[in-house]
Every structure is written in structure tokens, then in C-alpha cells.
Amino acid sequence: MIALELTDVKDFMNKLLRSEIFDHFLMQEAVITSAATYTINGQITKGFYSPEELEELHLNGCRFLPFSMLRGNCFDLIKGKKTPSAFRFVFLLSPDNMEKTITAVGSSYKSADITGMYINLKYQNQLLSLTTGIAYNIFSTDKTLENEWDKMVMKFLKQNEIAFEELS
């Protein structure tokens, strides 16, 4: 797990809410606090989509919606003259991308061993932070996959010109 401060909040928020950079991540949850607190549960509502729609939207095997389908809602809640007092976004890799990541780093883990590979964004007290994490279905002391996930997230941020500093 790494903890980073995203140092250019305005630039990051534009990239998060006005570009497709984070669209391929699934969104587990968003909590936005402004005049009121809004919570978006990204879990797919069972029965809302037909099996054909799930296939067409490439959502088979997913428990959560892609951020691309919820980004507009989040933007509408955040835009305006006043900055929200706080927000939190929890993103995770899709099952397909998690499998590709596990394979790419040559990990001994199987996708069944992993519940999720996460990116957590938190804005509070004018500080925007990002933490990474992996939730496991098994017990292991092997942190190789976590280290590789951390490196991949930092590479993703650099490729997308998102300024950050490591927090201690």
C-alpha cells in the first residue's frame, strides 16, 4: 500500500471528472460532502440490466459499474462555485483487468485469491490523497503483488501527468 498526496487538486479534478482517464475503473463508492452528503453506491442493481444488456455493456462478471457510467453524476454533484468540503472515491480494477494485471506481473496469485485491487481517493481539509490496496480471499505474507500494484498506479499517474508526492 502506498499513500500519495495529489498536489495539483484543480488539474486532477479536471482529469477525473472531465476526461476518460479513470473511466475504465469500476466505482465501488463515492461520497461527496457539500451542502449535504451524497453517497453513490456503484454496485450494479440486480435485475436492472438484462443479460443481453450486461453483455453489450461488457459488465458480465462485474459487481460494480464503470466510472464512465457514473462520472456525469459525480461531476454534477461537485461542480459549482464552492468546493465540496470533502469527498471519497473508491475505484477498483474490473475482473478482466485484475486478471491481466496478475498475469503481467507474474504473480503466483490467482484471481480467485483476490477480492479487489483498489485506488482510494480522499479529499479532506484541502488535502487530496490517494492510497492503494489489495483485498485478499486468502492469508499470505507475500507482498509482491501489492508492490507491483503500487508501481503500476504510480506509473499510471505519471503517464497521465498527475502530480503527486509520497506521504510518509
Count of the stretch 45-69 residues which are β-branched (Val, Ile, Thr) and under 19 Å from residue 111 (Cβ atoms): 0
Candidates 97, 60, filtered to the one that is assigned to a loop (DSSP other than H, G, I, E, B), open to solvent by 40 Å² or more (accessible area, probe 1.4 Å) and either modelled with pLDDT under 95 or closer than 23 Å to residue 157 by Cα (or both): 60
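Quick check, is residue 110 out of contact with any Pro (no Cβ under 8 Å at 6 or more places or on another chain) and surrounded by fewer than 15 Cβ atoms within 10 Å (Cβ to Cβ)? First the steps, then the outcome.
Working: out of contact with any Pro (no Cβ under 8 Å at 6 or more places or on another chain): yes; surrounded by fewer than 15 Cβ atoms within 10 Å (Cβ to Cβ): yes.
The answer is yes for residue 110.
Look through the stretch 121-141, keep the residues that are open to solvent by less than 50 Å² (accessible area, probe 1.4 Å) and not β-branched (Val, Ile, Thr), and return whichever of them is nearest to the chain's Cα centre (by Cα). Step through it out loud before you land on a result.
The first filter runs over the stretch 121-141 and keeps only residues open to solvent by less than 50 Å² (accessible area, probe 1.4 Å), leaving 121, 123, 128-135, 140.
Subsequent filtering for residues that are not β-branched (Val, Ile, Thr) retains 121, 123, 128-130, 133, 135, 140.
Details: 121: 8, 123: 14, 128: 14, 129: 13, 130: 10, 133: 10, 135: 14, 140: 24 Å.
Out of the qualifying residues, it is 121.
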Among (1) more than 21 Å from residue 130 (Cβ to Cβ); (2) among the β-branched types (Val, Ile, Thr); (3) not in a loop (DSSP other than H, G, I, E, B) - the single one residue 40 does not satisfy: (1)
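The values are calculated or read from the model by the stated rules, or taken from the named source; none is laboratory data. Every value quoted in this text rests on a predicted model; they were computed, and no experiment measured them. Methodologically, a virtual Cβ is constructed for each residue, glycine included, from the backbone with ideal geometry; neighbour enumeration extends over all protein chains shown. These accessible areas exclude ligands, DNA and RNA; they are computed on the full protein's heavy atoms, side chains included. Shrake-Rupley method; radii C 1.70, N 1.55, O 1.52, S 1.80 Å.
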